[in-house]
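Input: a single structure, listed below in structure tokens.
The values are calculated or read from the model by the stated rules, or taken from the named source; none is laboratory data. All of these numbers come straight from a predicted model, not from anything done at the bench. So basically every Cβ, Gly included, is an ideal-geometry build from the backbone, and we count neighbours across all protein chains shown.
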Amino acid sequence: MTYVESPHVKNRCNKIYYLISLPFQYFYLLSDKFISFLTVSSTFIAINAALLAYFSFLLYDVKVNLNLLIASFLLTFAVYNLNKLTDIKEDSVNVPERAGFIEKNKNCIIFAVAASYVAAFTLSFLQNPLAIFIILFPFCIGIVYSIKISNFRLKDITGIKNFIIALSWAVIGTFLPLTIPFRNFILIPVIFYFFFIKVFSGSIIFDVRDIEGDKISGVRTIPVVFGMQNTKNLLLILNSTLIPWLTISYLSGFFHQYLPVLIFSIAYGYWHIIHFCKEGLKIGKSLDLLVDGEWIPVAILCIVIQFVLSSR
């Protein structure tokens, strides 16, 4: 004998399922909107810039300074929003959600950019007058990079955009901790190279996502000029240079405490290069979360290591 479920019972089960799943659907939508706001407003990447600076303090083995971490956050927030204000045309194709947010809140964003710059300069100057010169570097280069003069922007040269982004992050990450008393200056080029390669590679992966919009806008990025496969090979080579870098650093007695974190970062680099450089891959918010957000698991691993070592 075959059991046939009555329509009444079926409808009742559907209602129960709907009522149970409703809070989860609401939480998902709320979380999605919150994450979207963090990414389109440059808040998320600014948080990760502060975490990169935090990791740099640890690599130098100097006391973490909260004022300088906040300055890193504010500076990155300002620079990236300034760039988004000048990139609305490209973003309308590549990331329409972001372009719409910038267009809708243009006046508020301009005010936030100016306020963030002033606050970053003030915090840096109060900590150490020399820090303001480090803060000024990405500020000045961000203006040169974003502003169009006589139909020309520095970012229109292939690869220059990626170089400038990596240079700005590497300068902040490498030199800002040096405003705290420090002696082992041989670490400066070592740490600078690590941050430069990581950020340079990450910025090229974002160009992979934006390839269609950049083609339409006539922006000659590395993926547009060299194609997806050659870009992927270039990124894999760059990330692979961090293996001998780590070997030499370890043998020189550097970063022993954070060796697991550095191994994770290099392995993570291989993963997101292979994943996001697939032909035909539809890339959404995951790129911002997983590439820009790399410094979140890095910071968490560092905190775990510090906790384990302090509890011994």
Picking from R183, R220, R209, the residue that is farther than 16 Å from Y270 by Cα and under 18 Å from the mean Cα position of the chain (by Cα) would be R209
Within region 162-178, of all residues that are of a type outside the set (G, A, S) and surrounded by fewer than 22 Cβ atoms within 10 Å (Cβ to Cβ), the one farthest from the chain's Cα centre (by Cα) is L178
Residue pairs qualifying under the 8 Å Cβ cut-off, at least six apart or on distinct chains, with the first in region 41-64 being within 25 Å of N81 (Cβ to Cβ) and the second being surrounded by fewer than 23 Cβ atoms within 10 Å (Cβ to Cβ) and among the small types (G, A, S), are F44/G293; N48/G293; L51/A299; Y54/A299; F55/A299
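Determine whether F34 is loosely packed, with under 12 Cβ neighbours inside 10 Å, assigned to a helix (DSSP H, G or I) and at pLDDT 65 or above. Explain how you work it out, then say what you get.
Working: loosely packed, with under 12 Cβ neighbours inside 10 Å: yes; assigned to a helix (DSSP H, G or I): yes; at pLDDT 65 or above: yes.
Yes.
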Considering region 260-269, residues that are farther than 16 Å from I305 by Cβ and not small (G, A, S), and then whichever is surrounded by the fewest Cβ atoms within 10 Å (Cβ to Cβ), we arrive at Y268
The residue that is surrounded by the most Cβ atoms within 10 Å (Cβ to Cβ), considering only those in region 122-152 that are modelled with pLDDT of 85 or more and over 15 Å from F175 (Cα atoms), is L123
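Report, by residue number, each residue of region 219-259 that is among the hydroxyl-bearing types (S, T, Y) and surrounded by fewer than 18 Cβ atoms within 10 Å (Cβ to Cβ).
Taking region 219-259 and keeping what is among the hydroxyl-bearing types (S, T, Y), we get 221, 231, 240-241, 247, 249-250, 252, 258.
S240, T241, T247, Y250, S252 - these are the residues of region 219-259 that are among the hydroxyl-bearing types (S, T, Y) and surrounded by fewer than 18 Cβ atoms within 10 Å (Cβ to Cβ).
Select, from K155, K106, the only residue that is under 29 Å from E279 (Cβ atoms), among the basic types (K, R) and at pLDDT below 85.
Numbers: K106 fails: under 29 Å from E279 (Cβ atoms).
K155 is the lone residue from the list that is under 29 Å from E279 (Cβ atoms), among the basic types (K, R) and at pLDDT below 85.
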Taking region 158-169 and the residues there that are modelled with pLDDT under 85 and not basic (K, R), the one that is farthest from I197 (Cα to Cα) would be T158
Checked region 184-220 for anything assigned to a helix (DSSP H, G or I), in contact (Cβ under 8 Å) with a residue 60 or more places away in the chain and of a type in the set (S, T, N, Q); matches are S201, S217
For I216, the lone unmet condition from (1) over 30 Å from F125 (Cα atoms); (2) crowded, with 21+ Cβ neighbours inside 10 Å; (3) modelled with pLDDT under 90 is (2)
When (1) assigned to a loop (DSSP other than H, G, I, E, B); (2) closer than 23 Å to N162 by Cα; (3) not basic (K, R) are applied to I296, the one that fails is (1)
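Here are F77, F55: which of them is at pLDDT 95 or above and in a helix (DSSP H, G or I)?
Values: F77 fails: at pLDDT 95 or above.
From the options F77, F55, the qualifying one is F55.
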Next item on the list: Consider A99 carefully, then state whether it is modelled with pLDDT of 70 or more and either under 26 Å from Y193 (Cβ atoms) or assigned to a helix (DSSP H, G or I) (or both).
Entry: no
| request: For region 259-276, indicate whether the set of residues that are touching a residue at least 24 places away in the same chain (Cβ under 8 Å) and not in a helix (DSSP H, G or I) is non-empty. | output: no
Can you confirm whether region 278-286 contains a residue that is out of contact with any His (no Cβ under 6 Å at 6 or more places or on another chain), farther than 21 Å from A170 by Cα, at pLDDT below 90 and assigned to a helix (DSSP H, G or I)? yes
